[in-house]
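Only the coordinates and a few stated rules stand behind these numbers; no lab work does. Just so it is clear, the structure is predicted and the values come from calculations on it, not from any experiment. We place every Cβ from the backbone using ideal geometry, glycine too, and count neighbours over all the protein chains shown.
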Amino acid sequence: MFTGLVEEIGTVVELDSHDETGGTSLTIALPPSSKLLEDAALGDSIAINGVCLTATWLSPSAPRFKVGIAPETLRLTNLGQLARDSRVNLERAVRADTRMGGHFVQGHVDATADIIRVAADGNAVTLRFRPREAHRESVMRYVVHKGFIALDGTSLTITKVDDVEGWWEVMLIAYTQEKVVLAEKKEGDSVNVEVDVLAKYAEKSMAGYLGASGGQALLKPVVEKMVQDMIAQAMGAHQTK
């Protein structure tokens, strides 16, 4: 589990698509002053651009570390687009005494999205994202105005949503622009997207409730009352004209 608050920006110094395990591995270097690996151990979870990965090799003194990436992870995320010198967001898994400054981020990417607009707004920057067509419906159903979303592992607040055209926007303040790789990206670049897991739980719980015996019967009068109120409001407005 993560918070979506990026701790460090690392740099890809080695990428091996045919490592000793037959898979793909990344070696990430950190700034010399970094404390990220001071209490790290082999097998720890570290999120790279929002993807929860396992540390398979550590060098706290350098400092740098290595992770392995499964083929399925490469297919579902933008990690396959990384190259030498690519900069990546890093966050260690939360501890029990960690302040929850962001939101609950699992490190399980739902899809990728493309940046379709970048616009300055004073010293802030607004970015617009559209998920790939294959995942557009499954992602947009969880995207709500003022809700949480994790983009390349960064916890952000959604500032605008267009369900018809299938996009949303977020804003990066000046401070955030200095701390995350998202600010370095441009139109056409992709990001890893993880929607708010609490929305998924709420949806499944409600679906189970409505599917249970008597669930629909309990909901029907509530819906009917809402419709009646809307009709009464509309008729009242018409009569005052």
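Where nothing but the Cβ of Lys and Arg (+1) and of Asp and Glu (-1) is charged, how large is the charge dipole of the stretch 8-92 around its Cα centre, in debye to the nearest 20? Before the final figure, lay out the partial values.
Values: 7 positive and 11 negative charges, 36 e Å.
Its charge dipole is roughly 180 debye.
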Quote to one decimal, in nm, the extra length available between residue 203 and residue 11 on full extension: 0.36 nm per residue of separation minus the C-alpha distance between them.
65.3 nm
Over the chain, with a Gaussian network built from C-alpha contacts below 10 Å, which listed residue (42, 58, 172) shows the highest mean-square fluctuation?
42
Kirkwood-based shape ratio for the stretch 68-172, expressed as Rg/Rh from alpha carbons
0.97
Please build a GNM for the chain, connecting alpha carbons under 10 Å apart, and tell me which residue among 193, 13, 180 fluctuates the most.
13
With a cut-off of at most 15 other beta carbons within 10 Å, and DSSP calling the residue loop, which GluC sites (Glu not before Pro) in the stretch 91-194 qualify? Please list them.
165, 178, 187
Can you find, among 105, 12, 57, the residue farthest towards the positive end of the dipole of the chain? Put +1 on the C-beta of Lys and Arg, -1 on that of Asp and Glu.
105
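Which of the trypsin sites (Lys or Arg not before Pro) found in the stretch 36-87 are in a DSSP loop and have at most 13 neighbouring Cβ atoms, other than their own, within 10 Å? Working shown, then result.
Values: sites: 64, 66, 75, 84, 87; in loops: 84.
Taking the stretch 36-87 and a limit of 13 other Cβ atoms within 10 Å, the loop trypsin sites (Lys or Arg not before Pro) found are 84.
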Helix 197-211 sits off the longest principal axis of the Cα atoms of the chain, rounded to the nearest 10 on a 0 to 90 degree scale, by 40 degrees
Using the 2.2 N^0.38 Å rule of thumb for compact globular proteins, work out how the chain stacks up: its C-alpha Rg over that value, please.
1.22
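Based on Cβ point charges of +1 for Lys and Arg and -1 for Asp and Glu, what charge dipole magnitude is obtained for the stretch 111-171 about its Cα centre, in debye rounded to the nearest 20?
Numbers: 8 positive and 9 negative charges, 15 e Å.
Once rounded to the nearest 20, the dipole reads 80 debye.
Place a +1 charge on the Cβ of each Lys and Arg in the chain and a -1 charge on the Cβ of each Asp and Glu, then give the dipole magnitude about the Cα centre in debye, rounded to the nearest 20. It would help to have the intermediate numbers written out before the result.
Numbers: 25 positive and 32 negative charges, 132 e Å.
With only Lys, Arg, Asp and Glu charged at Cβ, the dipole is about 640 debye.
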